[in-house]
Each structure stands twice: as C-alpha cells, then as structure tokens.
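**Student:** The structure follows.
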Amino acid sequence: MIAFLARRLIGAVLVLIAVSFITYLIFIKIPGGDPAQRIAGRTATDANIADIRAKLHLNDPFYVQYWGMMQSLFNGSLKSYASQLNVVSEIKKGIPATLSLCVGAGIIWLFFGILVGVISAVTAGRWSDRLITVFALVGISMPVFWLGLIARYLFAQGHPFALLPDGEYVPLTSNPWQWFVHLLMPWWVLAVLFIGFYGRVLRSNILDTINEDYVRTAKAKGLAANRVLMKHVLRNSLIPIVTLFGLDFAAVVGGSAILTETVFNLHGVGQYAAESTQNLDLPPIMGVTIYATFFIVFFSVVVDFLYAWLDPRIRPT
Amino acid sequence: MATESSTDFTLDTAAELAAEEQGVIEGKSPWLLAWRRLRRNYIALAFLLLFVAIVVMCALAPVYSAHVAHSAPNEGHLGETFTRDGKQIQIVSKGGFAGDKFVAGGVPVGPQLWHAGGRYVFGADNLGRDVAVRLLYGGINSLKIGIGSALICTLLAVVLALLAGYYGGWVDWVISRFFDLIWAFPVLLLAIALGTALSINGFHHFGINLAQGSLWIPTLVISYVLIPYVGRPLRGQIMSLREKEFIEAATAQGASPLRVMFTELTPNIASSVLVFFTLIIASNILTEAGLSFLGAGVQAPNASWGTLIADGQDRIVTAPWLAIIPGIAIVLTVLSLNVFGDGLRDALDPRAKVRMER
C-alpha cells in the first residue's frame, strides 16, 4: 500500500511538471504572444519594451524563465502580465465560487443519478424506464451553456417565471440563504447533464448484477426484495459510479465548469481562466492549469483508493 | 462538458434481434449481419435520417441563401424593410413613437416562418442578417469542424493504438504515458487557451501556414482532446488480437509488421472505430460550440452554431430566438449522432460493450 501510494505520488508530480512545461512551451512559441509589447501598449518606444523585457526576465533562456515562473507560482508572488494582480490570490478568490458550484452540483447529480438509475432498473422496459432513456440521451446532447441561457431566460428575475436571481455569486459566509438561492440554477444546469447519464450507467450495472448467483442466494434465504436490492445489488453496482463520479468531479472542478461559471457570471476560477486566455495572459493560465491538473491528478489517486476499499478484489499493486 | 463522450445507452433491441436470427447467420459476413440488425432498428435509422437531413440542409445553404432568403449570410439589412401580408415591416426596429406607443429601437424582427415569402424564416439578428441563412452556413462550419476533428482524432488514436498494441514494450510505455498526459490535462482549459492564442495571428511554423480565421485552428485544437478516450480501449483490443492464431499465421507467412497492422489488425477493430467515430463527431460538435461560445473557436464574421448562441446571449430578453434556435440545431444534430451511434454499436456487436473508457 505504501509502495502504491509512493508510486502514485511520484507519478502525480511528474504529470504536474510535464503539464506545466508543455503549457509553458506552447505559450512561449505562440506567435503574437510577446507580453512586453502588449504591456507597453501602442505608443511604446523600443527602450520601454526592452525595459519591460528585462524586468520580466523575458530575455533569459526559456528553461530559466520556466523555472522562475514555477518558483514564483509556488511562493505566491506570481503576477499577471495584463493586470499586475497576484495570480495565486486571484485563484484563491475564485475557489469558493467554483467549489460551491461543483460540490452542490455534484451532490445533486449523484443523488438524482442514483435515484433515477434505481427506478429505471426496477421498472426496466416500462414507460418510466423509456422516459429516463430519452431524458438521458437529450441530456448528453445539450450544450451546457445553452441550457444555462435558457434557464436564465425562463426563471431569472425579470423573465417569464421570475423565481430566482439572475447569476452572480454571493459568498456563503456573508449570507447563506442568498448563497443558496443564487446557486440553485447553476447547480441544476450543471447537474442535469450528468443525472441521466449516471442513471443509465447505474441501470445497466444493476441489471448485470441482478443475475449474479449471490443475489439468487440472498433471495433464496428469504430476504426481503428491498433488502436484497439495497444491501446486495446496489452496493456492488455503485462501485463503477464512484470511479465515474471522482473523475467527473475532478474534471468539473478542473475547468469543465468554465462554461457554467461564465453563463451565470459566478467569478470562479474557470471564469478567471477564460478571461485570462482572452488576454493571452500567461501567468494566470499557468496558475489555473497547475491548479486544475492538481485536482484531476489528486482525484484520480483518491478514486483508486476508494475503489480498492469498496472492492477488496482490487488491491492496489 | 466532462461527460459528453461516453455512452452506455442501448435501446434494448439488440438482444432481441440477436436471439431472433439464430440459424440464419451461417455463411454471412459480419458486416452483412450487422446491416440486418441495424435495418430493423427503426429508431436508430430514423435518427440517421435526421442527421443526413441536417447535413443536406446545411449543404444547400448557398441555394437557400440565393433563391429563398435573398440574403447572404454576412449581409446586414439595417434600416431596410420587407413585406409581410402587404405590410412594410422594419427588419430592425427604429426607436421612437408609433402613435402613442413607445417602440424600443434596435430590436430585430422575430421568426416569420413562411409568412414573408421565405425571408426571415427564423427572424433577423441585430444587424438585420437573416438568422436562417446564418444558421445553415454556421451549420456547415460546425459540421466541418466536428467531422474533421473526429477524423483526425480517430486516425491518430488508431495509429497510436496499433503501434502500442503491436510492438508492446517501450513503444507501448511511451504511448500509454502520452495518453495519461492528455488525460490529466485540463483539456477544455488548454483548448480555450490554444484557440484564443492561435486565432490572433494564426500559426506559421514548421512549414504549416494557417491564417487567423482558418477553420483548421478549432478543428486541430479539438481533435486531440478525445485521443486517449479512443486510443486506450483500442490498444486493449489490439493487445488481445495480437495473441490470436491468425496473426501468428500471417507473421509465419512472412508478413511485415506494417502489413500485419494494416491488413490483419485494422479490419478487426474497424467496427469499434466506426462506432467511436460517430460518437466523437457528436462530442466534438459540443466542444466546438463551447469554444466558439467563449470566443476561442470560429472567428467572426464566420459563424458556427456556438458563435450564434454567443451572439444571441445578450439579446435573450428582446430576441430570444437568436440563442434558442442554434441551440436546438446542436441538440438535434448531437442527439441524432448519439442515438445512431448506439444503434450502430448494438448492430455491429450486440454482445461486446464498446464504450469510451474513462
């Protein structure tokens, strides 16, 4: 177990280095990306630009620049080229909104995904099952930002069914109720796409498990149908869902929530990244990329452990 | 966005169909058998027809633009009027008073359907451009990017999977780590960053010249995203195929590695590749829409379904059709590909579960 942990951690660090280095190379090589010229503006003299280049160490070899950027990122002094704001504190500012969005949406999609999956499996072949199939297929075929726009059009203040506030994030600490109300729509928009999908995966898992010998044994022992379903079938069927959830959650925290954050103007990390890329502002892009990769790698390790814990047949080796 | 790709949906017809055809499969090729199964999956066929219809409609965009709508896709009609039921209607409203009533300015005319003789079937946008025409031209771009990037993605994934699965050893190690790396990359983030950066000046390195508005930029940026999703399961399939007798026989007859890879192994994974290809087009159309929505995909004045939604988002109150209609186009296209892809998978191999690994 310790060897496994060590190997996974070394692998994770290597991935982080590789990802940051590739991101760096791409943005150094991309044409029109000279930050000194953009900072200096249109009326700059050559001396101005040379001065800025020297200050930002842009004349050093690229591996020295890379090392310098990584150092300042990890000691928290990295500054954006465009706004001169501290990258780490900007990311930290965005994290509460991003995590609030992702955790809430994750709870909704996991809970309703499991509910829908169980209903669908128990009523396999009947109308409720068919309806869920249709719902799931439409769900994975919708662009999330479009669903968000439609939701805002219908339910936000000043619209036909004015029920909820129109976007923006209210910190949990300043007003829990407003926090909840403001996030209700983004949560559901992000979750809807997953609910149907998880339901379908769980349905097919349950239908596979239900024919296993130990389920027949449990029924033969005279256990109640509900108990067999909950204790024997569902427990085993949920294992793949755990993996799926871990990876999807990491992907959502690590950047897939960009579109939802942008549509609802939540000022999370994703939106910060989207705004920085529009300015070709390398330091924030690096910062957010590292942050996102960290989440993805971290959760894949967590998933491996959970998997081994839930299913003793799979031991980390 | 995260989970757009993988699917595990079946319409529950495959097993029934497989049971029915026992006894008639002797002497038939696998492709013929697959067609026999697919032919009876009416839902999948209906959605294939829908997809073909969408492609044909988009392909006919120039005809529609010239002979029905009488307006080019980027042609604005500010300050002009058109006739509906003998009445002159402003394409984009001028502000002011009509009698006693105040009329807001700059509001484009809504969907006319067929009441205006084919003009402004889906209304106009804020510059007076015909939304239906832009929808069709935008569809060409969305489909081009979706299909093009899916082609590149599948091609690369197949070649990498063949190399990794056939040679094994360090080749397999390198390719597998490459898949891991793409997997761990925050792909959407990188795609947005790349798309934005490349759309400013284009790309002029290694003898490749892409102009700044080139459709190749979003196509290439999107194409790498799903490579590991396809490459990993294919690599697994090839590894097990590689141990089969027919490969040994081919090698014993003196077939070169390339020959074994392309004439022995490739036909055996062709059915999985075909299914993946269909589902990846669907997924890539969604990714393209997301990129274009954030301004990192197709660049103005070109349109795609994603940019049309982005253009419409600020006018969602006064002109909701601008954002709603292109979204419906995306949903129909992606849905048709997803349903057909599932049907295709069931038809090609009702027993094996070909699905995108995650």
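**Student:** Just to verify a number: FRET efficiency for residue B:155 and residue A:74, C-beta to C-beta distance, R0 = 56 Å, to 0.05?
**Tutor:** Given R0 = 56 Å and the Cβ-Cβ separation, E is 0.90.
**Student:** Longest exposed-loop-site-free stretch of chain A, with GluC sites (Glu not before Pro), DSSP loop and at most 14 other Cβ within 10 Å?
**Tutor:** In short, A:1-167.
**Student:** Are there trypsin sites (Lys or Arg not before Pro) in the range A:167-275 that DSSP puts in a loop and that have at most 10 other Cβ atoms within 10 Å, and which ones?
**Tutor:** A:221
**Student:** Let me ask another. What do you get for the angle between helix A:282-310 and the principal long axis of chain A? Use alpha-carbon atoms, 0 to 90 degrees, nearest ten.
**Tutor:** For helix A:282-310, the angle is close to 20 degrees.
**Student:** A further question follows. Rounded to the nearest 500 deg cm²/dmol, what is the calculated helix-only ellipticity per residue at 222 nm for chain A, with -39500 (n - 2.57) per DSSP H run of length n ≥ 4?
**Tutor:** Computed mean residue ellipticity for chain A: -23500 deg cm²/dmol.
**Student:** Extending each Cα 7 Å along its Cβ direction at residue A:25 and residue A:127, get the distance between those two points in nm, one decimal.
**Tutor:** Between residue A:25 and residue A:127, the label points sit 5.9 nm apart.
**Student:** Right, another one. Between residue B:249 and residue B:177, how high is the FRET efficiency from 1/(1 + (r/R0)^6) when r is the Cβ-Cβ distance and R₀ = 41 Å? Nearest 0.05.
**Tutor:** 0.80
**Student:** Can you tell me the dipole magnitude for chain A around its Cα centre, using point charges on the Cβ only (Lys, Arg +1; Asp, Glu -1), in Debye to the nearest 20?
**Tutor:** I would put it at about 1020 debye.
**Student:** For a quick check: sort A:70, A:230 by the number of other beta carbons within 10 angstrom, fewest at the front.
**Tutor:** A:230, A:70
**Student:** Another question about this same structure. Once the Cβ-Cβ distance between residue A:84 and residue B:81 is put in as r, and R0 is 45 Å, what FRET efficiency do you end up with, to the nearest 0.05?
**Tutor:** E between residue A:84 and residue B:81, to the nearest 0.05, is 0.30.
**Student:** Once you put a point 7 Å from the Cα of residue B:36 and another 7 Å from the Cα of residue A:181, both along the Cβ direction, what distance in nm separates them?
**Tutor:** For residue B:36 paired with residue A:181, the spin-label model returns 6.4 nm.
A short reminder: the numbers here are calculations on the coordinates, not readings from a lab. Please read these numbers as outputs of a predicted model, since none were measured by experiment. Cβ sites come from the backbone with ideal geometry, for glycine too, and all protein chains shown count toward neighbours.
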